[in-house]
Amino acid sequence: MNNSDLMNTGQRVQLSQRGRARSHFGVSLLFTACPLPNLFYSISHLEFVKLTLLVILLIMSPVTPAFNQTSTRPQALIIYADPFVGTENGGNIVPGAQIPFGFVHVSPDTANPNTAGYNPYENILGFSQTHVSGTGGASKYGNFLTTPLVGTLRVNNLGSPKTEEAASPGYYTVRLTRSNVKAELTATRLVAMHRYTYPASKLSHVLIDVSSVVQPETGKDAIKNPHPVDCWVHVIEPNRIEGSGNFIGGWNQSPYTIHFSAEFDRPFSAFGTWRDNRIDAGTVAAANEGRVGAYATFDTTSKQTVQMKIGVSFISPEKARANLVQEIPNCDFDVVRRQAEAAWESVLGQIRIEGGTDEQRRIFYTALFHSHYMPHDITGENVWWNSPEPHYEEFYAIWDTFRTHFPLLTLIQPERERDMVRSLVDTYIHTGWMPDSRIAGANGMTQGGSNGDVVVADALAKGVMGIDYPKAYEAMVKNADVDSPRPLYEGREGSEYRRLGYVSMNYPRSTSRTVEYAYDDFCLAQVAQALGHTADSRKYLERAKNWINVWSDETRSARPRYADGRWLTPFEAAHFYPDKDYSYWDAPFYEGSGYIYGTYVPHDAQGLINKLGSDERFITWLDAFFANSPTRDPTFNNGLYNHNNEPDFLAAFLYIHAGRPDRTQERVRRILASEYTTGRGGLPGNDDSGAMSSWYIWGAIGLYPNAGQPYYYICSPLFTRSTINLGGGRTFTIEASETSNKNSYIQSVTLNGRALDRAWLKHEELVRGGRLVLRMGATPSAWGRENRPPSMSTKSGFRN
């Protein structure tokens, strides 16, 4: 595939980029408890009908999994997605209720939580409305903790043991044994709904802590935690409580303000406010730094159920109430739950699988579930600037998600992908930079390159329309050519990179930044070419070779260099460098080693093969990389392949560039089998906003994206059939009827009935729809060895 092949799609998109009309997902689905004809706004009639049918299906039939190929009834998939997967083993998942990309993620907060707020072995403090999930780094959110309790009113010592804890997409329930209260949670985009079933009592209470935030760090590290700086609450008879909180700290240490409006399904029998340890019968309370909140009391001697809906907003309490009225005008918990379940059933149905084991199906649909958590759609809630554009927050962080998560959304949620990219471009317009990460209205922290560049290039190369690509290109050029005054938060540490061709040891994360900048420059070159900036494309394509400047032939790895050209000595290619000499963020490699970052050449695998001398030497080098790297084992610190971080996600697929797709098939199968399981510890590390989960999805169906480029590697699928819904009545099916643990090697492939002799697939071939049929066997074959994927250093690859 030559450069003109790659750019045809992009040029077509350029002609269409003025088409800025919002899609039906430009404003996210707003689920309400009103009659179905008023269920959504900004949604097409066809989609309304489809989701209505899903609601009816969930109401009329039991949710039981049935992968019966002879059945004509739609399969219920939400039963396969487990919200508890990743709540242990550093996955940092919370198990509460959310709709796809909804901002509200109402979930239990516990003592001694993970960074998202939950620990399955600790007492539950209550249920807060906002969370990030599956992230590394410091915490954020955990706002407006609500706690049901019975008997003497208290505002401290709220933790309760639990029993009967269960969750499914869009729903969470638990019994708090201390007060014998059953709690149930569900959600819409901006509103949480709670249902509490109390024992018979005249003193059944709900506390709302307006000052609450997730507190994962202890001891000297507690200073990293978010904390309140100014909060207030107002009780409004007969059944409403509203308030606001200003917070600072957590991820980015950045401030944010958030508001709420809560409404109960019946009047209070008593109410009041509290501050720190003091309970008051008043209607208003405020605090600068301490705890503050309100309580409502109900008589549950005859009617034991109390329902509460609580809307949130970044704009004002009035806007929070408007969200509440818009999304749930009536208090009917079961209706809201069914609508949330229907939304999840719809997104999980974008990929339907057949075959495989029950465990593999559960891992797969849980991974697809996780891939729709973040970023959060807060369109209509942009308090930071005035814009009609879609707005998303919690890009946490693109350094993780550009590799597998965004390419997945490009394929199965193109309208969402379009709106996310539009939000990134709009952020550039109003803040001056296109972020690499962003949360709660603040850019940063940047872990490596300006990897929003890759997201833009991926969308353009794959024909995502409705994006202002010239403006996105402007943002990318600024990343590449203008020094950022705050490179930890946005842009690049660029002047030395442009002058020397690498980032030296004068700067933190120097070597990993260099190889990431080189690929970002490659992506910029492709966008430049697509938009007709030929001279710019040549300039950035030349810069894309800069990875070579930190490649050491002596160590056969990426290696740090000083500004005068000297190599770091002594140096171990397999060593992670946060140690006595380098802190975590100051090390020359970010979450990786010289060996790991030696594999990071997405655009120039052939160049890496050339540096190592031959296909055979490259294969031996990769074999050594994967050897002695048992999974879930302390090999993290010796720097061999380590799947619990993203920098070497691509490594297993590089064998295909050396003519050994069978090695890729072996490695991917091993990773799928050993790194992912069912159960609470089922992820190999932080899910990183769906990055880890989406890797599984790709590998399990037998494809893998090279993000920013319009092709996919072909690997060994777990399932006999995977059908991807491409929209517009088109589907793409991957069939491997003989696949099994034994038959893990591809023998031959046909695409729409014609033989395919390469182990990679063009995006244009996939997106047209059709059938990719793989004949499987128990031994390696010669299939796919000759026709190599594109690479910058090959004559048939990328060139200007």
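Just to confirm, what accessible area per residue do you get for the chain at 1.4 Å probe, in whole Å²? It would help to have the intermediate numbers written out before the result.
Values: 26280 Å² over 800 residues.
Per residue, the chain has an accessible area of 33 Å².
Just name one of Met505, Gly491, Gln529: the one whose Cα is farthest towards the positive end of the charge dipole of the range 453-549 (beta-carbon charges, Lys/Arg +1, Asp/Glu -1).
My answer, from the dipole projection, is Met505.
Assuming 1.002 mPa s and 20 °C, estimate D for the range 660-764 with Stokes-Einstein, Rh taken as the Kirkwood radius over Cα pairs, in µm²/s.
Working: Rh = 14.8 Å.
It diffuses with D of about 144 µm²/s by this estimate.
Quick check: with the 1.4 Å probe, what order do Arg352, Arg403, Arg660 take by accessible area, largest first? Display every interim value, and only then the final one.
On the way: Arg352 80, Arg403 20, Arg660 55 Å².
Ranking Arg352, Arg403, Arg660 by accessible area, largest first, yields Arg352, Arg660, Arg403.
Using unit Cβ charges (K, R positive; D, E negative) and no other charged atoms, how large, in debye to the nearest 20, is the dipole of the range 208-315 about its Cα centre? Present the calculation step by step, with values, prior to reporting the outcome.
Numbers: 9 positive and 12 negative charges, 23 e Å.
That gives the range 208-315 a dipole magnitude of about 120 debye.
Measure nothing but the geometry: give the 0 to 90° angle between the long axis through the Cα atoms of 534-543 and the longest principal axis through the Cα atoms of the chain, rounded to 10°.
90
Can you sort Val335, Val155 by solvent-accessible area, 1.4 Å probe, largest first?
Val335, Val155
Which translational diffusion coefficient, to the nearest whole µm²/s, is obtained for the range 314-360 from the Stokes-Einstein equation, given a Kirkwood hydrodynamic radius over C-alpha pairs, 4 °C and 1.567 mPa s?
In µm²/s, the coefficient rounds to 94.
Pick out, from Gly293, Leu145, Gly134, the residue whose Cα sits farthest towards the positive end of the charge dipole of the chain, with +1 on the Cβ of Lys and Arg and -1 on the Cβ of Asp and Glu.
Towards the positive end, the residue furthest out is Gly134.
Roughly how large, in nm² to one decimal, is the mean projection of the convex hull of the alpha-carbon atoms in the chain? Walk me through the numbers before you get to the answer.
Values: hull surface 125.4 nm².
Reported value for the Cα convex hull: 31.4 nm².
Return the Cα extents of the range 525-674 along principal axes one, two and three, sorted largest first, each rounded to a whole Å.
49, 40, 28
Could you point to the residue in Ala574, Trp547, Ile619 farthest towards the positive end of the chain's charge dipole, with +1 and -1 charges on the Cβ of Lys/Arg and Asp/Glu respectively?
Ile619
Assigning unit charges at the beta carbon (Lys, Arg +1; Asp, Glu -1) and nothing else, what dipole magnitude in debye, to the nearest 20, does the range 218-272 show about its Cα centre?
On the way: 4 positive and 6 negative charges, 47 e Å.
In total the dipole reaches around 220 debye.
Normalised radius of gyration for the range 250-366, please: alpha carbon Rg relative to 2.2 N^0.38 Å, two decimal places.
Details: Rg = 20.5 Å, N = 117, 2.2 N^0.38 = 13.4 Å.
Working it through for the range 250-366, the quotient is 1.53.
Which value, in debye to the nearest 20, describes the size of the charge dipole of the chain about its Cα centre when Lys and Arg Cβ atoms bear +1, Asp and Glu Cβ atoms bear -1, and nothing else is charged? Let's see the in-between values first.
Numbers: 76 positive and 81 negative charges, 256 e Å.
It comes to approximately 1220 debye.
Calculate how steeply helix 691-701 sits against the longest principal axis of the alpha-carbon atoms of the chain, using the helix alpha-carbon long axis, and give the answer as 0 to 90 degrees to the nearest 10.
In the chain, helix 691-701 runs at an angle near 60 degrees to the longest axis.
When the helix-only estimate is applied to the chain (DSSP H runs of n ≥ 4, each -39,500 (n - 2.57), divided by the residue count), what is the mean residue ellipticity at 222 nm, nearest 500 deg cm²/dmol?
Working: 19 runs with 216 residues, N = 800.
About -8500 deg cm²/dmol.
How far, in nm, would the chain grow between Asn506 and Ala166 when pulled straight, counting 0.36 nm per residue and subtracting the alpha carbon separation?
Working: separation 340, 0.36 × 340 = 122.40 nm, distance 5.11 nm.
Taking Asn506 through Ala166 to full extension adds about 117.3 nm, to one decimal.
At 4 °C and 1.567 mPa s, what whole-number value in µm²/s does Stokes-Einstein give for the translational diffusion of the range 317-440, with Rh from the Kirkwood sum over Cα pairs? Please report the intermediate quantities before stating the final value.
Working: Rh = 16.7 Å.
Roughly 78 µm²/s, to the nearest whole number.
In whole percent, and with a 1.4 Å probe on the protein chains, what portion of the accessible area of the chain is carbon and sulfur?
Numbers: 13120 of 26280 Å².
Exposed carbon and sulfur together represent 50 percent of the surface.
Suppose we keep just the DSSP beta bridges with both residues in the chain; what percent of those would be antiparallel, to 5?
Details: 112 of 118 bridges.
DSSP beta bridges in the chain are roughly 95 percent antiparallel.
For the range 387-473, what value does the Rg/Rh ratio take when both radii are computed over Cα atoms and Rh is the Kirkwood radius, given to two decimals?
Values: Rg = 11.6 Å, Rh = 12.6 Å.
In the range 387-473, Rg relative to Rh is 0.92.
Points 7 angstrom from Cα along the Cβ direction at Asp280 and Asn156: gap in nanometres?
1.8
If ligands, DNA and RNA are left out, what is the accessible area of Asp579 with a 1.4 Å probe, given in Å² to the nearest 10?
In the full protein context, Asp579 sits at about 60 Å².
If you line up the long axis of helix 469-481 against the longest principal axis of the chain, both from Cα atoms, how many degrees apart are they, to the nearest 10?
It works out to around 70 degrees.
For Thr569 and Ala673, what does the FRET efficiency come to when R0 = 51 Å and r is the distance between their Cβ atoms, rounded to the nearest 0.05?
The pair Thr569/Ala673 has a calculated efficiency of 0.80.
Ranked from the most accessible area to the least, with a 1.4 Å probe and all protein chains present, what is the order of Lys742, Lys140? Write out the running numbers ahead of the final one.
Working: Lys742 150, Lys140 0 Å².
Result of the area sort, largest leading: Lys742, Lys140.
The values are calculated or read from the model by the stated rules, or taken from the named source; none is laboratory data. Predicted model only: the values in this text are computed from it and were never measured. In this analysis, Cβ positions are derived from the backbone assuming ideal geometry, glycine residues included, and neighbour counts consider all displayed protein chains. Surface areas here come from the heavy atoms of the whole protein model, side chains and all, with no ligands, DNA or RNA. Shrake-Rupley method; radii C 1.70, N 1.55, O 1.52, S 1.80 Å.
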